[in-house]
1. Take region 4-35 and flag every residue that is in contact with a strand residue (DSSP E or B) (Cβ under 7 Å, 6 or more places away or on another chain) and loosely packed, with under 12 Cβ neighbours inside 10 Å.
2. Can you tell me which residue is surrounded by the fewest Cβ atoms within 10 Å (Cβ to Cβ) among those in region 87-108 that are of a type in the set (A, V, I, L, M, F, W, C) and more than 14 Å from D121 (Cα to Cα)?
3. Conditions: (1) farther than 19 Å from R16 by Cβ; (2) at pLDDT below 95. V107 meets all but one. Number of the miss?
4. Could you check region 1-120 for strands (runs of 3 or more DSSP E) lying wholly inside it with 3 or more residues that are among the hydroxyl-bearing types (S, T, Y)?
5. Could you tell me which numbered condition N45 fails, if it satisfies all but one of (1) under 23 Å from T143 (Cα atoms); (2) within 18 Å of the chain's Cα centre (by Cα)?
Amino acid sequence: MSIKLVTYFSASGTTRTVAEHLAKAINADIVELIPALPYTASDLNWTDHASRCVREHENPSIRPEIADMPDISAYDTVFVGYPLWWEQAPNIIRTFLEGQDFSGKTVVTFATSSTSTRGADGAHLHGCCSTETNWKTGKRLTTRDGEAALSQWVKELGL
């Protein structure tokens, strides 16, 4: 049995809720990825081309700093949750993945979105980690996914 960690970035609280349900369902530790410079409502205004989220989307090399980078060394499996922004993970997720050694670890993504269905599988993030990272296909989750369904999903992943 692997030792599991649920990590997540949440801009509005939706991903936080899903991450909490997942951690409880699979008896995992949980850590929020908190940006060193918190996002404000205006930063998250995707209709404003000058907003922070749009600038980060348009410049994929931007890596928002994480206030307190978690230590993942004790975990075999790390779940990485994020809201979908333009069908991708926000750049802070790349900051997290690139700042860790995932060699020999299993990574599973999960994403939240009210409209997007693509990007939850995490395929766009594979280049952020060592080639020795074992990626499992992620999934789009909602706050309506109960603990039984989440536990079943993880069981189906073979973890």
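The values are calculated or read from the model by the stated rules, or taken from the named source; none is laboratory data. Please read these numbers as outputs of a predicted model, since none were measured by experiment. Cβ sites come from the backbone with ideal geometry, for glycine too, and all protein chains shown count toward neighbours.
1. none
2. F102
3. All conditions are met except number (2).
4. Ranges flagged: 106-112.
5. (2)
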